[in-house]
1. Ranked by Cβ crowding within 10 angstrom, fewest neighbours first, how are S35, S49, S57, S4 ordered?
2. For the chain, what D do you get in µm² per second when you plug the Kirkwood radius from alpha-carbon pairs into Stokes-Einstein at 25 °C and 0.890 mPa s?
3. As a footprinting exposure proxy, order D28, D63 by other Cβ within 10 Å, with the fewest listed first.
4. Quick one: compute the contact order of the chain, relative version, from alpha carbon pairs under 8 angstrom and 6+ residues apart, as a percent.
5. Calculate how steeply helix 54-67 sits against the longest principal axis of the alpha-carbon atoms of the chain, using the helix alpha-carbon long axis, and give the answer as 0 to 90 degrees to the nearest 10.
6. For the stretch 15-60, place one equal point scatterer on every Cα, skip the solvent, and apply the Debye formula. What is log10 of I(q)/I(0) at q = 0.21, 0.22, 0.26 Å⁻¹?
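Here, each number is a calculation from the coordinates, and none is a lab measurement. Fair warning: this is a prediction, and the values are worked out from it, not measured in the lab. Cβ atoms come from the backbone with ideal geometry, glycine included; neighbour counts cover every protein chain shown.
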Amino acid sequence: MKLSPITAPAEPDDLLIRMHNQVGAAVDVTGTPGSSYWACHGCGHGYSSIDHHVDTSRARANDHAAGCRAAYHRLDR
Ligand SMILES: [Zn+2]
């Protein structure tokens, strides 16, 4: 299995939580505790314009990380 080359991308200033998917790609929850969003560095999935409480973003990011096997993407988002 190929592990992700982006296990430790640069940490944004508003990074709240960093998780890792099944191949080690970072899945970040960023924003503030009251207005956060998540994004997967492995496959590019996530929400960058929808505000959620960090509890919601944490749960969704964790669910995604548990199933995502993408190591890297070149999608322009
Ligand atoms: Zn993913």
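1. Details: S35 13, S49 5, S57 26, S4 20.
The fewest-first ordering by Cβ neighbours comes to S49, S35, S4, S57.
2. Values: Rh = 12.1 Å.
Calculated translational D: 202 µm²/s.
3. Details: D28 23, D63 11.
With the sparsest Cβ surroundings first, the list reads D63, D28.
4. On the way: 172 pairs, mean separation 24.3, N = 77.
RCO, the chain: 32 percent.
5. 20 degrees
6. -0.58, -0.64, -0.86
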